[in-house]
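Engineer: Got a structure here, written out as structure tokens. Questions coming.
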Amino acid sequence: MAKNKKKKKVPQRHGVLVDSFTELNKRHFSGQLEVPTCLRFDKVEKPEDDGHGHYVDAANSLTVSLEARAFGPLFYRDALLHEMIHQAVAKLDGHPAKDHDTHFVARANSIADALDLKHVEADSRSAKQWPKTLRSEDYYGAAESQARQQVKWRNPRSSTAKSAPSGALRSNAPGAHGRTSGGGHGDR
Ligand SMILES: [Zn+2]
């Protein structure tokens, strides 16, 4: 009990995330990952793509979105697991953390086998949103599917001309996502 600061400060680590991290780490990474310095729920910048997590290698900081938390444990644990793969790619494999390339997908697919999910291809939308798009519609429960409906309703097809949110325009996908030229962001 030191200072009684009024300023609302987000803690460095949220206990439920640490618990989930520890469990997922044991199950899918042979316990080789270290608990990130920051491991918490917080705002996550998200482009149209809807990202629910963010991992920053240099800061060893893993953030899961507040929205993911609102959708419940199944949802935020998936978001966490996704970011843990980024962490593993950086810390265990020695490759850049932010990509959804072959290194990311290799780990994702081997975990997918354990979860009985389909494999995904490198740099695909499914890799970027792994494993969310592979789960069944009702997997995450009411809160998330309600939100999903709202998003569909709010933005039926073309809010941003180039980024087909429905995944309908797969054919021109491969290069399309690499073009977020700004630095900073790790993930979506
Ligand atoms: Zn990612």
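Each reported figure results from applying straightforward, stated rules to the coordinates on display, with no laboratory input. Computed from a prediction, not measured in an experiment: that's the story for all the values here. Backbone-built Cβ (ideal geometry, glycine too); neighbour counts: all protein chains shown.
Engineer: Assuming 0.36 nm per residue, please report the length gained on full extension of the stretch ASP113 to ALA147 beyond their Cα-Cα distance.
Structural biologist: Values: separation 34, 0.36 × 34 = 12.24 nm, distance 2.83 nm.
Contour length minus the Cα-Cα distance gives 9.4 nm.
Engineer: Please rank LEU115, LEU74, fewest neighbouring Cβ atoms within 10 Å first, as an exposure proxy.
Structural biologist: Values: LEU115 15, LEU74 12.
If I rank by nearby Cβ atoms, fewest first, I get LEU74, LEU115.
Engineer: Relative contact order, percent, of region 15-154 when contacts are C-alpha pairs under 8 Å separated by at least 6 residues? Kindly include the intermediate steps, with their values, before the conclusion.
Structural biologist: Details: 173 pairs, mean separation 24.5, N = 140.
Averaging sequence separation for qualifying contacts and normalising by length gives 17 percent for region 15-154.
Engineer: List the residues, sorted by chain then number, that are 5 or more residues from GLY53 or on another chain and whose placed amide H is less than 5 Å from its amide H.
Structural biologist: Those qualifying (amide H under 5 Å, at least 5 residues apart or on another chain) are SER65.
Engineer: On to the next question. I need the phi-derived Karplus couplings for region 82-99: 6.51 cos²θ - 1.76 cosθ + 1.60, θ = phi - 60°, integer Hz, Gly and Pro marked x.
Structural biologist: 4, 5, 5, 5, 4, 5, 5, 4, 6, 7, 9, 9, x, 10, x, 6, 8, 7
Engineer: For region 43-127, what does the alpha-carbon gyration tensor say about shape, rounded, prolate or oblate, given a ≥ b ≥ c as the root eigenvalues, a/c under 1.5 as rounded, and a/b over b/c as prolate?
Structural biologist: Details: a/c = 1.58, a/b = 1.16, b/c = 1.36.
The shape class here is oblate.
Engineer: Also: Setting aside same-chain residues fewer than 8 positions from LYS9, which aspartates and glutamates have a Cα under 12 Å from its Cα?
Structural biologist: ASP42
Engineer: Output wanted: per-residue J couplings in Hz (rounded whole) for region 112-122, from phi through Karplus 6.51 cos²θ - 1.76 cosθ + 1.60, θ = phi - 60°, x for Gly and Pro.
Structural biologist: Rounded to whole hertz, the list is 4, 4, 5, 9, 6, 10, 6, 7, 10, 9, 4.
Engineer: Would you mind checking the pairs LYS43/LYS98; LYS98/LYS118; LYS43/LYS91; LYS98/LYS128 and listing those with alpha carbons more than 20 angstrom apart? Spell out each step's value before the answer.
Structural biologist: Working: LYS43/LYS98 18 Å; LYS98/LYS118 22 Å; LYS43/LYS91 24 Å; LYS98/LYS128 10 Å.
Among LYS43/LYS98; LYS98/LYS118; LYS43/LYS91; LYS98/LYS128, the Cα-Cα distance tops 20 Å for LYS98/LYS118; LYS43/LYS91.
Engineer: Once amide H atoms are placed 1.01 Å from N in the peptide plane, what residues at a sequence separation of 5 or more from PHE41, or on another chain, have their amide H within under 5 Å of its amide H?
Structural biologist: Close amide H contacts, sequence-distant or interchain: HIS14, VAL64.
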